[in-house]
Amino acid sequence: MNGQLNWFKGGLLLGAAFLVAVAFVKPIGVSTQFVIADGIVWNLFSDTVVQKNPESKSGYSSSNAYLNKSGGKYAKNIANPINYSFIFVLAMVAGAFLSSRLGGPQATAMDRSAPEVWRQRFGENPTLRYVTVFFAGVLVLFGARLAGGCTSGHMMSGMMQTSLSGYLFAFGAFAIGVPAAILVYKRN
């Protein structure tokens, strides 16, 4: 196992973390926080992105239609980013950093190389892998925002709450993901 956590134990821990979050705070989802982070940066350079608006449901509004949806909910989060969701995302990054420094699983040279299935299909070129992974990440984030949430929010938290949209999202993700992987890797 190369010092890595067993997948089954990891799955149980992840499920427990989602259960605690749903039971005591709110469902976990992180893709919206990319929008909030973008809005925070945009708001630094423009006075018109977010304004206080007592007539809005949230007390804030935005000249941008996307940030103004749901009664200015995103605009409010941009104006006041210190909230559970934003801190949760920052804590994920901090937790990963701390794990790497305090004795978390250490990456070996084999861990840093491309997976065997990638090397068989595309070779050892790290630049091709990094560019592909970057654009795949952009595509996934675009899809998450288009769907109104990411796999954490829709699939994991949604299915835990027995949400129909969570099950539909999971079905759609696997219905597209499995054939796409077969096409990319030319599985026999």
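None of the figures in this text is laboratory data; all of them are computed from the coordinates on show. Just so we're clear, the structure is a prediction, and the values are computed from it rather than from any experiment. Neighbour counts run over all protein chains shown; Cβ positions are idealised from the backbone, glycine included.
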Rounded to the nearest 500, what is the 222 nm mean residue ellipticity of the chain from helices alone, with -39500 (n - 2.57) per DSSP H run of 4+ residues and division by all residues?
-> -21000 deg cm²/dmol
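Taking the square root of 5 times each eigenvalue of the Cα gyration tensor, what semi-axes in Å does the equivalent ellipsoid of segment 54-188 have, largest first?
Largest first, segment 54-188 gives 35, 22, 16 Å.
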Just how many pairs of Lys in the chain have C-alpha atoms closer than 23 Å, counting pairs that are eight or more places apart or on different chains?
-> 10
Point-charge dipole on Cβ atoms (K/R +1, D/E -1) for segment 1-82, about Cα centre, debye to 20 = 240
Would you work out the relative contact order for the chain, in percent, from Cα pairs under 8 angstrom that are 6 or more residues apart?
-> 22
Restricting attention to segment 22-127, which trypsin sites (Lys or Arg not before Pro) occupy a DSSP loop and are surrounded by at most 16 other Cβ atoms within 10 Å?
-> Lys57
At a Förster radius of 45 Å, what calculated FRET efficiency corresponds to the Cβ-Cβ distance of Gln120 and Lys52, to the nearest 0.05?
-> 0.20
When the dipole is taken about the Cα centre of the chain, and only Lys, Arg (+1) and Asp, Glu (-1) are charged at their Cβ, what size is it in debye, to the nearest 20?
-> 200
Tilt relative to the chain, helix 7-24 - C-alpha long axis, 0 to 90 degrees, to 10 = 10
Taking the dipole about the Cα centre of the chain, with the C-beta of Lys and Arg at +1 and of Asp and Glu at -1, give me whichever of Val20, Ile82, Gly177 is farthest to the positive side.
-> Gly177
For Ser85, what is the net charge nearby, where nearby means another residue's Cβ is under 15 Å from its Cβ and Lys, Arg count +1, Asp, Glu -1?
-> +3
Report, as a whole number in µm² per second, the diffusion coefficient that Stokes-Einstein gives for segment 13-133 at 25 °C and 0.890 mPa s using the Kirkwood radius over alpha carbon pairs.
-> 138
Coarse-grained scattering of segment 1-76 at q = 0.15, 0.19, 0.25 Å⁻¹, given as base-10 log I(q)/I(0) from a Debye sum over alpha-carbon atoms = -0.66, -0.81, -1.07
To the nearest 10 degrees, how steeply does helix 65-79 sit against the main Cα axis of the chain, on a 0 to 90 scale?
-> 90
Between Leu12 and Tyr130, 0.36 nm times their residue separation minus their Cα-Cα distance comes to what?
-> 39.4 nm
